[in-house]
1. Of F133, F105, F213, which has the largest mean-square fluctuation in a 10 Å C-alpha GNM of the chain?
2. What is the antiparallel percent of DSSP beta bridges lying wholly in the chain, to the nearest 5?
3. Hey, what did the chain get for relative contact order, percent, Cα under 8 Å, at least 6 apart?
4. Could you tell me what percent of the accessible area of the chain is made up of carbon and sulfur, with a 1.4 Å probe and every protein chain present?
5. With an 8 Å cut-off on Cα pairs and a minimum separation of 6 or more residues, tell me the relative contact order of region 1-130 in percent.
6. Quick one: among G40, G77, G214, which has the greatest mean-square fluctuation in a GNM of the chain with alpha-carbon springs under 10 angstrom?
7. What aspartates and glutamates sit close enough to K85 to cross-link, taking a C-alpha to C-alpha distance under 17 Å and skipping anything fewer than 8 places away on the same chain?
8. Please work out the Cα convex hull volume for region 162-211 and give it in Å³ per residue.
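The values are calculated or read from the model by the stated rules, or taken from the named source; none is laboratory data. From a predicted model like this one, the values you see are computed outputs, not experimental measurements. Every residue, glycine among them, receives a Cβ derived from its backbone with ideal geometry; neighbour counts consider all protein chains shown. Accessible surface areas use protein heavy atoms only, side chains included; no ligands, DNA or RNA. Shrake-Rupley method; radii C 1.70, N 1.55, O 1.52, S 1.80 Å.
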Amino acid sequence: MTFTDADVAELYDKLNAWQGADADFYDPLVDAARDVLDVGCGTGQMLISARERGHTGRFTGVDPDSASLARALSRRGDLELVLGKAADMRWEGEFDLAVMSSNAFQFFVTDEELRESLRAIRTALRPGGRFAFDTRYAPAREWEQWQLSETEIDGLVVSYDVESVEKGVVTVSEITSRDGEVIRKDRAAMRFVEVEELNGFLAEAGFRVEGQFGDWKRGPITALSRSVVTVAATPS
């Protein structure tokens, strides 16, 4: 049997419903902004949720996965969705808020891609605009737990195989199986950036760190943190 890209997008929504502590963090930021840019929007759950709450501003999502964007459009036709990568964006001063949720920031693997993407996000924001995003806390070494995790839903089992860890870049395969048969294997590389290095990239792009937290309740970064949640701002 085949397991298509559209099937993957649907499964993602089932496994990652927009709710919980991260939604509680981002939703007020989105609600307070007029024009919102969702970088790495995936299936659009954050923007769709805000529309359902009554937000009437401009919502633009960017993602390199066409199946995810198609799923978003099938659920809401009033979103502006663009197929592409962050580094390719060419908006200038059009948004009050840019967001990257669900650790999408970690898919900026090389220094060049990270720099180009941050410059494009910075350029897309108005003076005083904000960029909110999250990434896994590198010292927690979360990838060491991935091979121990397994999720089952609708007769499908999703598991992970960490293939390599080199200079902060983790290459991992997500394996989807049914009745013990592998029906899909997707490979990706993710970068775990140290906090000091991350802030250096932000400063280089023209951002000022407004707040940086070790959890979704805006607690400090500690040895027990699993995430780094950042709100950065452009000059007013």
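1. Looking only at F133, F105, F213, the largest GNM fluctuation is found for F213.
2. Roughly 65 percent of the beta bridges in the chain run antiparallel, per DSSP.
3. 17
4. Ligands and nucleic acids excluded, carbon and sulfur give 47 percent.
5. Contact order relative to length: 25 percent.
6. Residue with maximal mean-square fluctuation among G40, G77, G214: G77.
7. Within reach: D38, D63, D65, D111, E112, E113, E116.
8. 114
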